[in-house]
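Peer 1: Can you keep this structure in mind? I'll have questions shortly.
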Amino acid sequence: MDQANGLRSVVENEALSRRNEQMVPGKKLPRVIAVTSGKGGVGKTNLVANMAVCLSQKGKRVVVIDADVGLANIDIIFNLRPQYNIRHVINSEKTLNQVMVESSHGIKILPGGSGFSDLTQLSEGEKLNLLNEFETLSNQADIIFVDTGAGISSNVLYFNSACDECIIIATKEPTSITDAYAMMKVMSKEYGTKRFKLIANMVDSESDAKKVYASLSGALDKFLNNVVLEYVGYIPFDRKLQQAVQKRSLVMDVSPESVAAKAIEKLAQALSKAPVRQTSNGALTFFMNKVFEGAR
Ligand SMILES: Nc1ncnc2c1ncn2[C@@H]1O[C@H](COP(=O)(O)OP(=O)(O)O)[C@@H](O)[C@H]1O
Ligand SMILES: [Mg+2]
């Protein structure tokens, strides 16, 4: 057995034994939720950050992974200035806990930097290290959000397919709708992901949001077999959210009574009530293994 294969089997055995540990009745695994979109600038980061705040106010332990390689900005709206990122973990210079920064709400944020940009380039040793580090997150979180980049680049797709749930954000702009459709098409054809959730953003009303949903689910019914899109809800267009962003802050903190904040609160409630469909075991090792499998 060559070194790479040897390491791979160590990773797999380790993953298996940890997965068994995770299966102990009563031990709850974190729910890993990807928030993604076909087109950029549709509100993923704001949704993740504000939703994280709502859920942490409800007593959930929330971790946010910033996997948007191009525009890593979750730290900006939390007004944090992280010193390190996942690259330092990959290089074994820091542990995950040393790299994560904590917001004033108690939300832990894992800055991606450019570290997630090329998982295919990681050596087996680096992968093993990353897997072990991610496993430590299992005991620290109830919910893990992955704020992914936009578009159908392979890194975005790996992350989406590895998560338990995949939330697609779309606006009523035709390009956002066609790009969201393209994302689901590629995910279902290449990664076998058959279930998605939709949140419509920057719409004027619920009926607008339902139109976004109708055009996407109509296209899915027509062209893709067995792909299910579930409507979760919407966030109205709200200048208060934009003003908050300009102040490097969150609408939930600065304008909690605004329509956007209220809508996000409702979405957080809907999400926490939704039945959890975890991928066979939901363990984080499993999550990272799937990310790596996709990258192979
Ligand atoms: N509900 C909303 N109402 C008004 N503007 C919004 C709303 N959601 C997002 N935006 C605007 O869109 C910009 C991009 O949002 P962001 O969350 O960074 O998108 P993404 O992460 O998808 O690139 C924000 O800076 C804000 O100006
Ligand atoms: Mg973003």
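Peer 1: Would region 61-75 turn up any residue that is of a type in the set (S, T, N, Q) and either crowded, with 18+ Cβ neighbours inside 10 Å or more than 15 Å from ligand 1 (Cβ to nearest atom) (or both)?
Peer 2: For region 61-75, residues of a type in the set (S, T, N, Q) and either crowded, with 18+ Cβ neighbours inside 10 Å or more than 15 Å from ligand 1 (Cβ to nearest atom) (or both): absent.
Peer 1: Which condition number in (1) in a loop (DSSP other than H, G, I, E, B); (2) touching a Lys or Arg at 6+ places or on another chain (Cβ under 9 Å); (3) under 29 Å from T178 (Cα atoms) is the one that I144 fails?
Peer 2: Among (1) in a loop (DSSP other than H, G, I, E, B); (2) touching a Lys or Arg at 6+ places or on another chain (Cβ under 9 Å); (3) under 29 Å from T178 (Cα atoms), the lone unmet condition for I144 is (1).
Peer 1: Here is a further query. Condition check: within 16 Å of ligand 1 (Cβ to nearest atom), among the hydroxyl-bearing types (S, T, Y) and without any contact (Cβ under 8 Å) to a residue 24 or more places away in the chain. Does S153 satisfy that?
Peer 2: Here the answer is yes, as S153 does meet what is asked.
Peer 1: What about G6, is it assigned to a helix (DSSP H, G or I), more than 16 Å from ligand 2 (Cβ to nearest atom) and at pLDDT below 90?
Peer 2: yes
Peer 1: Scan region 24-76 residue by residue and report those that are more than 9 Å from ligand 2 (Cβ to nearest atom) and in a helix (DSSP H, G or I).
Peer 2: Selection gives L47, A49, N50, M51, A52, V53, C54, L55, S56, Q57, D75, I76.
Peer 1: Working only within region 52-65, note down all residues that are among the charged types (D, E, K, R) and closer than 23 Å to Q243 by Cβ.
Peer 2: Selection gives nothing.
Peer 1: For the structure I just gave you, tell me whether V89 is among the aliphatic types (A, V, I, L, M) and more than 16 Å from ligand 1 (Cβ to nearest atom).
Peer 2: For V89, the condition - among the aliphatic types (A, V, I, L, M) and more than 16 Å from ligand 1 (Cβ to nearest atom) - is met.
Peer 1: Kindly provide the set of residues from region 77-86 that are within 16 Å of ligand 1 (Cβ to nearest atom) and either buried (at least 22 other Cβ atoms within 10 Å of the Cβ) or in a helix (DSSP H, G or I) (or both), ordered by number.
Peer 2: Correct list: I77, F78.
Peer 1: Only one of (1) at pLDDT 90 or above; (2) of a type in the set (S, T, Y); (3) away from ligand 1 (no atom under 16 Å from the Cβ) is not met by T45, so which one is it?
Peer 2: (3)
Peer 1: When residues of region 156-165 are filtered for being of a type in the set (S, T, N, Q) and away from ligand 1 (no atom under 16 Å from the Cβ), how many remain?
Peer 2: Filtering region 156-165 for residues of a type in the set (S, T, N, Q) gives 160-161.
With away from ligand 1 (no atom under 16 Å from the Cβ) added as a condition, the list becomes 161.
Residues meeting the conditions: 1.
Peer 1: Could you tell me how many of the residues in region 174-204 are closer than 25 Å to A270 by Cβ and charged (D, E, K, R)?
Peer 2: So the answer is 5.
The values are calculated or read from the model by the stated rules, or taken from the named source; none is laboratory data. Note that the coordinates shown come from a computational prediction; the quantities given were computed from them, not determined experimentally. Note that we place each Cβ from the backbone using ideal geometry, even for glycine, and neighbour counts take in every protein chain shown.
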